[in-house]
Amino acid sequence: MEAYLGIDVGSVTTKFAVLDSSDELIYHLYLPTQGRPIEMVQYGLGQLRGELPSGVDICGVATTGSARYLAGVIVGADLVKNEITSHALATLHFIPEVQTTIEIGGQDSKIIIIRDSVVIDFGMNTVCAAGTGSFLDHQALRLNMSIEDLSQQALKSKTPVRIAGRCTVFAESDMIHKQQMGHRIEDILYGLCQALVRNYLNNVGLGKDIRPPIVFQGGVAFNQAIVKALEEELKSEVIVPPHHEVMGAIGAALLVHEEMAASQNGSKFKGFGVSEVRYRTSSFECKACPNLCEIAQIALDSQILARWGGRCDIWERSPEGKG
Amino acid sequence: MRLAMPHMGNIYIPFRSLFERLGIDYVIPPPNTQRTLSLAVRYSPEGLCIPFKLLLGNMIEAAELGIDTFLTVGGCGICRLGYYAKIQEQILCDLGYNVEVVSVGVSENKLAGLLKKIKRLSQDAPWIKIIRAFRFGLAKLYALDKIEQVVQKVRPVELLKGTSNQLFSRASEAINRADDYATLKKLEKDTISELNEVTRNNEVEPLIVGITGEFYVVLEPFSNLDVESELGKLGVEVRRTTFVSNWIKYSWFLNPLGLNEKARIHQAALPYLKRDIGGDGWESVGEKVLHAGEYDGLVHLAPFTCMPEIVAQNIMPATREKIPVLTIICDEQLAKSGMLTRLEAFVDLLQCRRRAGSGNGHKGKV
């Protein structure tokens, strides 16, 4: 059976999605990145090898997410795509009439405006990570509860308190202040969810024409309280699609399916054996000019696979660094 | 007296030639690097913009090479730029450098002001000598900008990525050394024909993206993470009206007549913004309106905390002339990946738009 693999390596989680030739999702995987993107991609491939039904033939691989280039080198990707395009395509696949996609992940959040199945505008958080998954995780940890509990507790709130959402530092000190005043924990937590939604709409959603149907995806969409706060603030229904947490990977798989259908070449996929080899990463300071860029490199045995990180592209062009 | 001036793209080349011809003792500060930025950030007030910080960085690195005078820009514009020279002079003084920061007013648009400052700095050289030296500097500036405009066209279609950038930096070095008009003219002609002969991919019709925003961050690649080259690598033809040579032409020579591109840009902005709001905010809005029919998209560069550009950013989505705009905030960040993700998504968006027939420029094709 022909199948297409999408891998989305984000800052906090790594996602895998396998689609069959009619673009049905046949397998998906959601893993914590834990600061080790290479190991996680390898681990995920190992899982896939064990759990995919026999006879599945990977005919195309695409990578997306902030580690898309790194992951692309490891697996031999046929396509490396940014996560904004991937997410938009996945939403359109499941909900063709969508006009707004909201995606909140571990470190960044996006808004994608779609009209007549075409992306016409997008925004991504620029200077602040308030309202993303990492901050919610941090608050759950501070209150000694799981992220699932945080969502359930917040939903119980009847009289939410106001939390400053401008910045995570302000939000946290506001929360501590309210907690020490004796407010109920569920009211503080729901107040936090409202603050994060306000912050998201004021920053990422600034000046964007948000119209229904509105689709909410990414890891934070697990949080029912955020969904509720979004619906209240937007005064509109917010759709959370099934598999919302792996939409980026699904979008990448859809894109590579399209790409491979149009191409004469076979897939560059290196196979599941990649999960067993040892990659070496290292970095050095380039001395070619006073910029002293930090160049990162990835090697298999003694062969350098890729280098990046410089302001100019001398290291990307040739392994010796000669312009 | 020992003089230096700040970096902004290739601007040091015409100024070096001016100083050289007037016998002014000068230093070219080291190019903008991480070190420049670290020094600048350490000694700058935190909330100021990246142009202030990098200018200060150039001053400190030049001061280490023993200058006593620094020529910079200032003036009574409505943005904070007017204060920069004095603050920078004070910071240099606190650091123990006795440097006079001489500021040329840009908002007053007076050529005479700059020439008078140069007369003073050249220890009263005769006017004829100053004007000749100035004209030769201008000729270098015009040659560089003319070549760069060709580079912008070749970059997206060259088969071997990086070829035009290499040709451009080689030509810049040669122009820097050139000492007479004939050599300069020949360099310009040869480089342009070399650029036109670069092997191209003729199958693609590149997207056209305009670049606008605050003057300094548009022109200094270090501050905008080489956004133009990165767009070029993605197969996009970049266009901009912001060139130093254009600015000089519009502000010093043509503006009194009121018939130039800048006047047209202001005119275009009028329905949405009725006056200059300092910096280049008025121009940013006007460029969007004026070029909406010929560009596929617009990249808007704004320094973090820049009031005029933030105003412009908020006006742009509301104009009737619809064309996608991507605002990029320029600050101390050196990692390119965040910007690349946005640029790639922006290019995808523009391509889809063109395929759907709503893009400009080359309707229906591709």
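The values are calculated or read from the model by the stated rules, or taken from the named source; none is laboratory data. Just so you know, these numbers come straight off a predicted model, no measurement behind them. Every residue, glycine as well, gets a Cβ built from its backbone with ideal geometry; the counts of neighbours run over all protein chains shown.
Annotations
- Yes/no for A:MET247 being touching a helix residue (DSSP H, G or I) at 6+ places or on another chain (Cβ under 6 Å), away from chain B (no Cβ under 14 Å) and at pLDDT 85 or above: yes
- Evaluating B:GLU321 against the criteria (1) more than 9 Å from every other protein chain (Cβ to nearest Cβ); (2) in contact (Cβ under 8 Å) with a residue 60 or more places away in the chain; (3) not aliphatic (A, V, I, L, M) leaves one unmet condition, (2).
- Residue check for B:LEU207: closer than 17 Å to B:ILE13 by Cα and within 23 Å of the chain's Cα centre (by Cα): no
- Within the stretch A:73-96, being under 18 Å from A:GLY60 (Cα atoms), surrounded by fewer than 23 Cβ atoms within 10 Å (Cβ to Cβ) and more than 14 Å from every other protein chain (Cβ to nearest Cβ) holds for A:VAL73, A:GLY76.
- Among (1) modelled with pLDDT of 95 or more; (2) farther than 23 Å from B:ASP348 by Cβ; (3) assigned to a loop (DSSP other than H, G, I, E, B), the one test that A:VAL18 misses: (3)
- When B:ILE310, B:ILE248, B:ILE277 are screened for being touching a strand residue (DSSP E or B) at 6+ places or on another chain (Cβ under 9 Å) and on the phi < 0 side of the Ramachandran plot, only B:ILE310 passes.
- Listing of helices (runs of 4 or more DSSP H) fully contained in the stretch A:128-189 that carry 1 or more residues being within 27 Å of A:LYS110 (Cβ to Cβ) and at pLDDT 90 or above: A:147-155
- Unmet criterion (only one of (1) hydrophobic (A, V, I, L, M, F, W, C); (2) buried (at least 24 other Cβ atoms within 10 Å of the Cβ); (3) out of contact with any Ser or Thr (no Cβ under 8 Å at 6 or more places or on another chain); (4) within 14 Å of another protein chain (Cβ to nearest Cβ)) for B:CYS330: (3)
Results for (1) over 26 Å from A:ILE84 (Cα atoms); (2) surrounded by fewer than 23 Cβ atoms within 10 Å (Cβ to Cβ), shown as yes or no for each residue.
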residue: A:ARG162; (1), (2): yes, yes
residue: A:ARG166; (1), (2): no, yes
residue: A:ASP174; (1), (2): yes, yes
residue: A:GLN179; (1), (2): yes, yes
residue: A:ILE210; (1), (2): no, yes
residue: A:VAL215; (1), (2): no, no
residue: A:LYS228; (1), (2): no, yes
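- Search result, residues across the stretch B:124-140 that are among the hydrophobic types (A, V, I, L, M, F, W, C), touching a Phe, Trp or Tyr at 6+ places or on another chain (Cβ under 9 Å) and closer than 15 Å to B:ASN246 by Cα: B:ALA139
- Hey, A:VAL61 more than 12 Å from chain B (Cβ to nearest Cβ), outside any helix (DSSP H, G or I), crowded, with 19+ Cβ neighbours inside 10 Å and in contact with a Pro (Cβ under 9 Å, 6 or more places away or on another chain) or not: no
- Looking only at the stretch A:260-304, and only at residues there that are of a type in the set (Asp, Glu) and modelled with pLDDT under 85, the one that is nearest to A:TYR4 (Cα to Cα): A:GLU276
- Residue within the stretch B:334-347 that is in contact with a strand residue (DSSP E or B) (Cβ under 6 Å, 6 or more places away or on another chain) and in a loop (DSSP other than H, G, I, E, B) present: no
- Of everything listed in (1) away from every other protein chain (no Cβ under 12 Å); (2) surrounded by 20 or more Cβ atoms within 10 Å (Cβ to Cβ); (3) assigned to a helix (DSSP H, G or I); (4) in contact (Cβ under 8 Å) with a residue 24 or more places away in the chain, the single unmet condition for B:GLY286 is (4).
- Filter pass, B:LYS140 being over 25 Å from the mean Cα position of the chain (by Cα) and touching a residue at least 12 places away in the same chain (Cβ under 8 Å): no
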